[in-house]
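The values are calculated or read from the model by the stated rules, or taken from the named source; none is laboratory data. In this text the structure is predicted, and so the values were computed from the model without any measurement. Please note: Cβ atoms are built from the backbone with ideal geometry, for glycine as well, and neighbour counts cover all protein chains shown.
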Amino acid sequence: MSNTLKRGLFACLLASVATPALAEDGYDLWLRYHPLATSGVIDAATVAVLGDTPTLKVAGQEVQRGLAGLSAHHVQFGTAIRSGGVVLALATEPRLQALGLKTDALGSEGYLVRSVDLDGRRVTLVTANSDHGVLYGAFALLRWVQTGHPVSAANLTSTPHIALRVLDHWDNLDGTVERGYSGQSLWDWWTLPDYRDPRYTDYARANASIGINGSVLNNVNAKAESLTPFYIAKAAALADIFRPYGIKVYLSARFSAPIELGGLKTADPLDPAVAAWWRAKADEIYRAIPDFGGFLVKANSEGQPGPQDYHRTHAYGANMLAAAVAPHKGIVMWRAFVYAQENAEDRAKQAYDDFHPLDGKFASNVIVQVKNGAIDFQPREPFHPLFGGMPKTPLMMEFQITKEYLGQATHLAYLGPLFEETLRADTLAQGTGSTVARVVDGTLDHHALTGMAGVANIGRDRDWSGSTFNQANWYAFGRFAWNPDDTSDAIARDWAAMTFDPAPATVAPVVRMMAGSREAVVDYMTPLGLAHVMATGHHYGPGPWISDLKRPEWNPYYYHRTTRDAIGVERGPKGNAATAQYAPALARQLADPKTTPERDLLWFHRVPWTYRLRSGETLWQGMVGRYDRGVAAVADMRADWDALRPRIDPTRYAKTESFLGIQQREAAWWRDASLAYWMSVNGLPLPAGVRPPAHDLDWYKAQKFPYAPGNP
Ligand code: GCW
């Protein structure tokens, strides 16, 4: 076949693939290699890989696939260095030595992409000290092109700031996903290990493209069975598929597995038989998965077994498991998300109380995984006081990508601002600049073991995450895990350009929608520091009035304690002194409502409804105003999206349009239900001109949502 004919056929093929009904269902995520409108961006017609490893091969294939798709031209893949082409090679490759590139600073995962003369030919070189680095460089080059830049102008270098960049899947062995709103689990445990769904490879590609290098396959509310040979073989199949993409597999471990699987009488971490059982189990896993990452553990929390069942601390439990994986260089990620109904202390204080005394007591291959805030993945929480509070212990951040408390799949809430706000927060633990990011990247306390985990929002929905915009949260998580100093806006711009198209007329309004979206959710759900007012169980929709459930902290009322005169939980020195869990300089600021950031006011303080906000309004007026602002912001997002109609393919356009309709209705529902309830308690009228709730309080209380998704 002649070259012209080949090109023609190729273009035809692409044109047919580009038919919206076929291709534009969101499956391609941000790796959407559709022809760019701007010509001349792709001047490379060959991709050469020097060296032979599975990772170099997939990196080269990805660049070929990307450039071919983006240019609608054939791109040749091989080993021949051609002028104007792209070359991927390890920095140790002999043919690169004459270039004298300085790659030491790239470390083991960083990359360098730039134009060089190789064998007398001008090429764009992608290089690194490891093949994983080359893979990350390959995706960086593609991002560069997808965001509208010419291949040959690429001059990119980057190194991850955090070592473990991990997705936590709360996926159950029966195929359901706890707090999953995008369909069944991606893992088809039943047909694994035989059937290797190509989707597993696409999952790995997507993750590698944003630098994610670990995947915890099963729910932290773990079943012991995931540690049986039957399931280990399935995990091993996934590990084989992910390996070329630099992604290690981890498993959540059920602490009582020695009893359930091993027939032991106890799971006491100090019992030698228990430790021996775990060592043998670890050895067995490593025989199947030689690069197994290690265990994630939720212990003594929400009914899960743990070392405290035997009056041992979390450190004893973690260290026993750490000893089992240490010979294989594995690690243990031990969660600090603990609270117990038997504990009368404020739930927000319990994790710190349990873990702070254990600082410095963990083995060197343990990292303590701390949620961003002290309660639970709320639309806004102040950063967790353990950050900055355990300098002798490596701490990893746990963010929730799936939007359990933020409207779940349908509400558009870009989490970049939430991630950024938490990472930028200053713990003041060692003076100004002791930000959460510096704790998490290990620079503040000089830890080499560093990590960031995101509770995944990935399921078997065709668009992976339940909506196009939810994909942005997966994307942003990866980017912040790579570089916690990145900015939410820059990430949104890249994502929008890659997901839709790089034209400013598309990117600007999409980014505008994203930028304000999380704050809109805060405004219409939990303004001024309110938290956990979602209905119990499914956490979908408002339920601030719920106060009759057995466990105190199951009741939203527990989190605001509203009376006729006042609202909020007093966590300052005049209350339960939770503020004293922060570094003294910060604790002093938070002690007084007047020096507490207003956005966290009701989190830290109980104040009268007549309290004056900085604007001069009363608290009540300010709250009403924020609810209205949140609802109005959703209307603005809808208007932006309406105007984007001609620029977005019909299938993706329609789904977002419909979801924004749901969000607008539900934002109004949140506002109205909340106002109806607060007014029933405080007896205050609405400020003049404010629209009253559409229904009475009983109507809101009567709303029930049986079978809401994601609820275990
Ligand atoms: O957010 C809460 C969820 C639980 C979850 C728990 C946790 C996996 O409601 O569904 O359980 O946190 O993080 O362990």
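Quick notes on this one:
- When residues of the stretch 187-219 are limited to those that are assigned to a loop (DSSP other than H, G, I, E, B) and closer than 16 Å to Tyr250 by Cα, the one nearest to the chain's Cα centre (by Cα): Ile212
- The residues of the stretch 367-380 that are out of contact with any Pro (no Cβ under 6 Å at 6 or more places or on another chain) and more than 12 Å from the ligand (Cβ to nearest atom), listed by number, are Val368, Ala374, Pro379, Arg380.
- Pairs where the first residue, in the stretch 690-712, is free of Cβ contacts under 8 Å to residues at least 40 places away in the same chain and the second is within 16 Å of the ligand (Cβ to nearest atom) and not aliphatic (A, V, I, L, M), C-beta under 6 Å, 6+ apart: none
- At least 2 residues being at pLDDT 85 or above and under 30 Å from the mean Cα position of the chain (by Cα) is the threshold, and among the helices (runs of 4 or more DSSP H) wholly inside the stretch 1-115 those reaching it are 54-71.
- Filter pass, Gln378 being modelled with pLDDT of 95 or more, part of a loop (DSSP other than H, G, I, E, B) and surrounded by 19 or more Cβ atoms within 10 Å (Cβ to Cβ): yes
- Restricting Pro290, Pro244, Pro272, Pro229 to residues that are in the same structural domain as Ile375 (by TED's automatic domain parsing), surrounded by 17 or more Cβ atoms within 10 Å (Cβ to Cβ) and of a type outside the set (Ser, Thr, Tyr) narrows the list to Pro244.
- For the stretch 387-406, filtered to residues that are more than 15 Å from the ligand (Cβ to nearest atom) and of a type outside the set (Ser, Thr, Tyr), the residue that is farthest from Pro527 (Cα to Cα) is Lys392.
- Conditions (1) within 16 Å of the ligand (Cβ to nearest atom); (2) in contact with a Ser or Thr (Cβ under 8 Å, 6 or more places away or on another chain); (3) part of a loop (DSSP other than H, G, I, E, B): number failed by Gly148: (1)
- Conditions (1) surrounded by 23 or more Cβ atoms within 10 Å (Cβ to Cβ); (2) closer than 28 Å to Gly183 by Cα; (3) within 16 Å of the ligand (Cβ to nearest atom); (4) not aliphatic (A, V, I, L, M): number failed by Tyr414: (3)
- Residue that is nearest to Leu321 (Cα to Cα) [pool: residues in the stretch 227-268 that are among the small types (Gly, Ala, Ser) and out of contact with any Phe, Trp or Tyr (no Cβ under 9 Å at 6 or more places or on another chain)]: Ser256
- Cβ-Cβ under 7 Å pairs, at least 6 apart or on other chains, the stretch 205-216 side more than 16 Å from Ser158 (Cα to Cα) and assigned by TED's automatic domain parsing to the domain that holds Ala236, far side surrounded by fewer than 24 Cβ atoms within 10 Å (Cβ to Cβ) and basic (Lys, Arg): Gly214/Lys248
- Out of Lys594, Lys550, one residue alone is more than 25 Å from Leu675 (Cβ to Cβ), at pLDDT 95 or above and more than 31 Å from the chain's Cα centre (by Cα). It is Lys594.
- Filter result for Ala222 (within 16 Å of the ligand (Cβ to nearest atom) and over 15 Å from the mean Cα position of the chain (by Cα)): yes
- Residue in the stretch 218-238 that is in contact with a His (Cβ under 9 Å, 6 or more places away or on another chain) and at pLDDT 95 or above present: yes
- Residue match in the stretch 233-243 (condition: in a loop (DSSP other than H, G, I, E, B), away from the ligand (no atom under 16 Å from the Cβ) and touching a residue at least 24 places away in the same chain (Cβ under 8 Å)): no
- Residue match in the stretch 671-688 (condition: among the acidic types (Asp, Glu), assigned by TED's automatic domain parsing to the domain that holds Trp545 and over 26 Å from the mean Cα position of the chain (by Cα)): yes
- Where Met333 falls short, out of the listed (1) within 16 Å of the ligand (Cβ to nearest atom); (2) in contact (Cβ under 8 Å) with a residue 60 or more places away in the chain; (3) under 20 Å from Pro573 (Cβ atoms): (3)
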